[in-house]
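First the structure, in the form of structure tokens, and then the observations on it.
The values are calculated or read from the model by the stated rules, or taken from the named source; none is laboratory data. On a predicted model such as this, the values are computed, not experimentally measured, just so you know. Backbone-built Cβ (ideal geometry, glycine too); neighbour counts: all protein chains shown. Ligands, DNA and RNA are stripped out before the accessible areas are found, and what is left, the full protein with its side chains, is counted by its heavy atoms. Shrake-Rupley method; radii C 1.70, N 1.55, O 1.52, S 1.80 Å.
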Amino acid sequence: MKTLAIIGAGKGLGMSIAKSFGKNGFQVALVARNAAKLQEMVDELKAEGIEASSFIADIFSKEQIEQAISDIKAQYGQIDVLEFSPTAGNYPPTSVLELTVENVRDAFEANVVSAIQVVNAVLPDMLAKKEGSILFTTGLSAMYPVPMMGNIGIALSGLRNYAANLHTSLAAQGIFVGHRSLGLLIKESGTGTINDPDVIGDMWYQAYMDKTVWEEEYPKGVTPETIVF
């Protein structure tokens, strides 16, 4: 059985991605800071017949991330797919005209530095096997100027550059790197619409299976002027 690890797992999109992969035979490792929420997610997944476990880690902590990845591998043997989508940081989205060193550094460490720490913990095994997938979910400010997302945009565009370089470096070695930039407001699950997290989760599973398009806006072609609310 293959293993999916979700970094920054939450009850919205993270849960939907877990279900999409889980119903297709994956066991799921959920990584986040909130133990109570993680346990509720594990219980819900198991109730649907999906093998799942939770691992507590603060993405700002290199030691906690490394320990969580080590614990996942000890329990499940390997990580086949890594999905990275933390809602992280200690500052809200801030206008480009109101940026400070503190709110930019915080967003950068929450998204870019933490991504590097997570990837560094899983990549050696993937390289040794010459297979694996690393999936990054971001917002539209990763690809377009969105002035009201000043601090977040700096971080996510940096994360996108990192993902692009990983894709360029790893594609020939059997490792799929995927990036989806969401231009929408995620709604409650069950609506079946384009901003239903379950629909987005299924989109990610199909992208993983196809491995043909490494990067794309979601929905395809969306811009800051056409964000789906």
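Pairs of Cα atoms under 8 Å, at least six residues apart: use those to get the relative contact order of the chain, whole percent. Numbers along the way, then the final one.
Details: 426 pairs, mean separation 45.3, N = 229.
Relative CO of the chain lands at 20 percent.
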**Request:** Read phi for every residue in segment 29-39 and hand back ³J(HN,Hα) as whole Hz from Karplus 6.51 cos²θ - 1.76 cosθ + 1.60, θ = phi - 60°, with x for Gly and Pro.
**Result:** 10, 9, 10, 6, 8, 8, 5, 5, 5, 4, 5
**Rounded to whole Hz, the Karplus (6.51, -1.76, 1.60) HN-Hα couplings of segment 82-99, x for glycine and proline** = 10, 10, 10, 7, x, 8, 10, x, 10, 10, x, x, 10, 4, 4, 7, 10, 6
**Asked** Using the alpha-carbon centroid of each, what span in Å lies between segment 91-169 and segment 5-60?
**Response** 21
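What does the helix-only formula give at 222 nm for the chain: each DSSP H stretch with n ≥ 4 adding -39500 (n - 2.57), the total divided by the residues, and the result rounded to the nearest 500 deg cm²/dmol? Don't jump to the answer; show the numbers that get you there.
On the way: 7 runs with 97 residues, N = 229.
Taken over the chain, the calculation gives -13500 deg cm²/dmol.
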**Request:** Could you tell me what percent of the accessible area of segment 42-114 is made up of carbon and sulfur, with a 1.4 Å probe and every protein chain present?
**Result:** 48
**Request:** Hey, for a label at Lys211 modelled as a point 7 Å past Cα toward Cβ, could you say which residues of segment 4-34 have their backbone N under 16 Å away?
**Result:** 4
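May I ask you to derive the relative contact order of segment 5-52, considering only C-alpha pairs under 8 Å and at least 6 residues apart, and to give it as an integer percent? Spell out each step's value before the answer.
Numbers: 56 pairs, mean separation 20.5, N = 48.
Over segment 5-52, the number comes to 43 percent.
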**Complete:** Checked against a 26 Å limit on the C-alpha separation, the offending pairs among Lys2/Lys130; Lys2/Lys211; Lys46/Lys130; Lys23/Lys211; Lys37/Lys73 are Lys46/Lys130
**Prompt:** Could you give the accessible area per residue of segment 1-127, probe 1.4 Å, as a whole number in Å²?
**Reply:** 45
**Item:** Distribution of pairwise C-alpha distances over segment 121-229, 10 Å bins, in %
**Value:** 14, 41, 33, 12, 0
**Request:** Take the alpha-carbon positions of segment 187-229, form their convex hull, and give its projected area averaged over all directions (one quarter of the hull surface) in nm².
**Result:** 3.3
**Request:** Provide the per-residue ³J(HN,Hα) series for segment 107-120, in order, calculated from phi with Karplus coefficients 6.51, -1.76, 1.60 and θ = phi - 60°, each as a whole number of Hz, with x at glycine and proline positions.
**Result:** 5, 5, 5, 5, 9, 7, 4, 5, 4, 4, 5, 5, 4, 4
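How long is the gain from Asp125 to Ala36 if the chain were fully straight, where each residue apart is worth 0.36 nm and the alpha carbon distance is subtracted?
Working: separation 89, 0.36 × 89 = 32.04 nm, distance 3.03 nm.
So the extension gain works out to 29.0 nm.
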**Fill in**
Pseudo-spin-label distance Asp43 to Leu185, built 7 Å along Cα→Cβ, given in nm, is 3.1
**Request:** Amide H neighbours of Gly10 under 5 Å, at least 5 residues apart or on other chains, H built in the peptide plane: list them.
**Result:** Met15
**Prompt:** So how tilted is helix 197-210 from the main axis of the chain? Cα-based, degrees 0 to 90, rounded to 10.
**Reply:** 70
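Explain nothing, just the number: relative contact order of segment 131-223, from Cα pairs under 8 Å at least 6 residues apart, as a whole percent. Don't jump to the answer; show the numbers that get you there.
Values: 126 pairs, mean separation 29.0, N = 93.
This gives 31 percent for segment 131-223.
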**Complete:** In Å, the Kirkwood estimate of hydrodynamic radius for the chain over Cα pairs equals 17.6
**Request:** Quickly work out the Ile56-to-Glu225 label distance, labels modelled 7 Å from Cα along the C-beta direction, and quote it in nm with one decimal.
**Result:** 4.9
**Complete:** In segment 146-229 the accessible area split gives carbon plus sulfur, as whole percent at 1.4 Å, a share of 58
